[in-house]
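Scroll down for the structure; my scribbles are underneath it.
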Number of protein chains: 2
Amino acid sequence: MKLTVLGCHSASPHENKNPTAQLLDIKGHRFLMDCGEGTQVQLRKAKVSFVHIKHIFISHLHGDHFYGLPGLVSSFRLLGREAPLHIYGPKGIKEALTLLLKLANSWANFPLHFHELESNNSECIFDDDSVTVYTIPLKHRVYTNGFLFAEKEGFRRVNTEAAQAAGIDKSQFRLLELGQDVLVDGVLVKNDSVTHNPHPPKKYAYCSDTAFFPSIVPIIKGADWLYHESTFLQQHADLAHQTQHSTAQEAATIARDANVGRLILGHYSARYKNLDLFTQEAKAIFPNVILAADGAVIS
Amino acid sequence: MKLTVLGCHSASPHENKNPTAQLLDIKGHRFLMDCGEGTQVQLRKAKVSFVHIKHIFISHLHGDHFYGLPGLVSSFRLLGREAPLHIYGPKGIKEALTLLLKLANSWANFPLHFHELESNNSECIFDDDSVTVYTIPLKHRVYTNGFLFAEKEGFRRVNTEAAQAAGIDKSQFRLLELGQDVLVDGVLVKNDSVTHNPHPPKKYAYCSDTAFFPSIVPIIKGADWLYHESTFLQQHADLAHQTQHSTAQEAATIARDANVGRLILGHYSARYKNLDLFTQEAKAIFPNVILAADGAVIS
């Protein structure tokens, strides 16, 4: 599981402060979360091939999370994309994108599938052999979801040395991965004597933007990583409540109560010059905190 | 007259290659022409105060000329703008922007006036005491206009030394500026003996994007500066014709035939590493050529 932070700042435009977008590499997928203005250039900087992005998850339709999407989709077309693209986001996203592409006479020449969201309950929106994605309904000024990316349990891992010592041929390793015992010269070799347990499946919870909203705790419980917005410090809690954003202390409270492995903060208001204050404030509640930074890769 | 090039590259996304946007300072106005993705950050880099932008002219609704506008308008709101904003662009621009702002629940809290264009003839779309703006209908894959910014003739310029030698009091200088003769101790002083002619009014013609289209020549005749797109070199004339863009040679032909003062090239395809080739190709037809560059200020 690898996270590339493409942008982690709030809406106010500044040189070298990109609005929200993240890319999650998980089990062979490259999931794009949010797409603020300039995301396509941030993807170029991070040397991410556009063609590997097949699923884009938009939390809400505020510009700093969404206004990079029309340009990215247009560029896909310009670059001759043929692979289907799936876009998940609030109801209205299809109408908006369709209108913009129509006005530009640039309708996508690849299959473009919209999955519009309007439920206030967590729901499964993607599922395949390796990963499931659930919405995390958040509390913001407009309809907003976070997203929970959950790996499925992988295969058992063959202890090559032990398996070879037991005389098991490589052609039978696939059976071992699937958890089966195997016969060697008529003798049954128990699976767990020559395999290790699968790596524990990982979970990433992406929560942006939201007021302090403890209802999400059961959904994100035990996630390995939690990205939680912290637009403000506690000294501006009044502004956080007014704009339905969170403080670093509130993000850390969610992280502690959900017993996550690591908290990643971001979406900082431009008013703060010293971002270390976010770490300090959060660490008083929850120890394992890191700050997102544009271009950072977390793995 | 001062031109700030905010972006001058074609649509393909690249680090440090911004899509089209320009800012024209003319007679106290700051006119924004086109607004590709990232324009608001380019304005920040150029240290342009957002509040001074009151008129935005969008040539066409392709993303690399338009997809920075929703974010810019949202930022105006975020920053507490109160001044009215006028947006001139192809029919459809109002519906698109209105939908995006509605979905974000971010309707402008300042007066937002749309001036939708659909004529195929040049028309006057702005006029005040100092400047007139006309459309320049272009030929592209979607409905597209360039814009001609024409200063009005200014006041006569008082020759302070001569005026004082003739005994004219400063309180009468305004009359001189207006072209009137004045009385000094009962003696008539002729205006042209103590004033200079006004500076000749300047004209800027902005033409992006367009195929080679000689119909524009009468409209832009004698402009001091002409920005004309040159996406391609003549070696790719087939691509230029297919995509309805121009080559450097074609842009220079328009400049020569319109007898402009200076040609500014831009909207280069990302395929060209050496932009000097554009200058060379154009200079063979028209000598006074410069290349637009992101961040360049031309005055």
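Give me the orientation-averaged projected area of the Cα convex hull of segment B:162-296, in nm², one decimal.
11.5 nm²
Which net charge results for the neighbourhood of B:ASN145, defined as the other residues with beta-carbon distances under 12 angstrom from its beta-carbon, given Lys and Arg at +1 and Asp and Glu at -1?
-3
Distances from A:ALA284 to the same position in the other copies: list them in nm, one decimal, shortest first, using label points 7 Å from Cα along Cα→Cβ.
Spacings between copies for this position, smallest first, are 7.1 nm.
Hey, for A:ASP169 with labels 7 Å out along Cα-Cβ, what do the inter-copy distances come to in nm, ordered shortest first?
Here the equivalent label points are 11.7 nm apart from this one.
Cut-off 10 angstrom, C-alpha nodes, Gaussian network model of chain A. Which of A:PRO19, A:PRO198, A:PRO84 fluctuates the most?
Highest fluctuation of the listed residues: A:PRO198.
With just the Cα atoms defining each centre, how far is segment B:255-279 from segment A:141-159? Give it in Å.
51 Å
Which distances, in nm and shortest first, link the A:ASP128 label point to the same label point in every other copy, taking 7 Å along Cα→Cβ?
Label-point distances to the other copies, shortest first: 5.6 nm.
Against the empirical 2.2 N^0.38 Å scaling, what ratio does the C-alpha Rg of segment A:117-164 come to?
Rounded to two decimals, the normalised Rg is 1.84.
I'd like the distance separating the alpha-carbon centroids of segment B:222-250 and segment A:280-299, in whole Å.
Answer, in whole Å: 50.
Please rank B:MET1, B:MET33, fewest neighbouring Cβ atoms within 10 Å first, as an exposure proxy.
Least to most surrounded, the residues fall as B:MET1, B:MET33.
Above 36 Å lies some portion of the pair distances; for the protein assembly as shown, what is it as a whole percent of all C-alpha pairs?
48 percent
Taking one equal scatterer on every alpha-carbon of segment B:51-133, how large is log10 of I(q)/I(0) by Debye at q = 0.26 1/Å?
-1.44
Check each of the GluC sites (Glu not before Pro) in segment A:91-126 and keep only those in coil by DSSP with at most 15 other C-beta atoms within 10 angstrom; list them in order.
For GluC sites (Glu not before Pro) across segment A:91-126 that sit outside H, G, I, E and B with at most 15 neighbouring Cβ atoms in 10 Å, the list reads A:GLU118, A:GLU123.
Quick one, what does Rg over Rh come out to for segment A:108-222 if you take C-alpha atoms and the Kirkwood Rh?
1.22
Report, to one decimal in Å, the Kirkwood hydrodynamic radius for segment A:157-196 based on all distinct Cα pairs.
9.6 Å
If you average the C-alpha positions of segment A:34-102 and of segment B:1-46 separately, how far apart do those two centres end up, in angstrom?
Comparing the Cα centres of segment A:34-102 and segment B:1-46, I get a distance of 22 Å.
Using 28 Å as the Cα-Cα cut-off, could you pick out the over-long pairs in A:LYS102/A:LYS152; B:LYS139/B:LYS202; A:LYS91/A:LYS139; A:LYS17/B:LYS54; B:LYS203/B:LYS273; A:LYS2/A:LYS152?
Violating the 28 Å limit, Cα to Cα: A:LYS102/A:LYS152; B:LYS203/B:LYS273.
Compute the label zone of B:LEU78 within segment A:1-35: residues whose backbone N is under 20 Å from the point 7 Å along Cα-to-Cβ.
A:5-23, A:33-35
In segment B:1-87, what is the volume of the convex hull around the alpha carbon atoms, normalised per residue and reported in Å³?
89 Å³
What average number of partner chain Cβ atoms lie no more than 10 Å from the Cβ of the residues making up A:50-62?
Going residue by residue through A:50-62 and averaging, the value is 1.
Give me the percent of DSSP beta bridges within the protein assembly as shown that run antiparallel, rounded to the nearest 5.
Once the DSSP bridges in the protein assembly as shown are tallied, antiparallel ones form about 55 percent.
From zero up to wherever the largest Cα-Cα distance of chain B sits, split into 10 Å bins and tell me the percent of pairs in each.
6, 26, 30, 19, 12, 6, 1, 0
Tell me the net charge near B:GLY154. Cut-off is 11 Å between Cβ atoms, B:GLY154 excluded, with +1 for each Lys or Arg and -1 for each Asp or Glu.
Neighbour charge sum, excluding B:GLY154 itself: +1.
Run the dipole for segment A:157-196 about the Cα centre, Lys and Arg Cβ at +1, Asp and Glu Cβ at -1, nothing else charged, and hand back the magnitude in debye, nearest 20.
The dipole magnitude comes to about 100 debye.
State the antiparallel share, in %, of DSSP beta bridges confined to segment A:131-251, rounding to the nearest 5.
DSSP beta bridges in segment A:131-251 are roughly 75 percent antiparallel.
Bear in mind these aren't lab numbers, they're just calculated from the coordinates by the rules spelled out. Fair warning: this is a prediction, and the values are worked out from it, not measured in the lab. Neighbour counts are summed over all protein chains in view; Cβ atoms, including those assigned to glycine, are modelled from backbone coordinates with ideal geometry.
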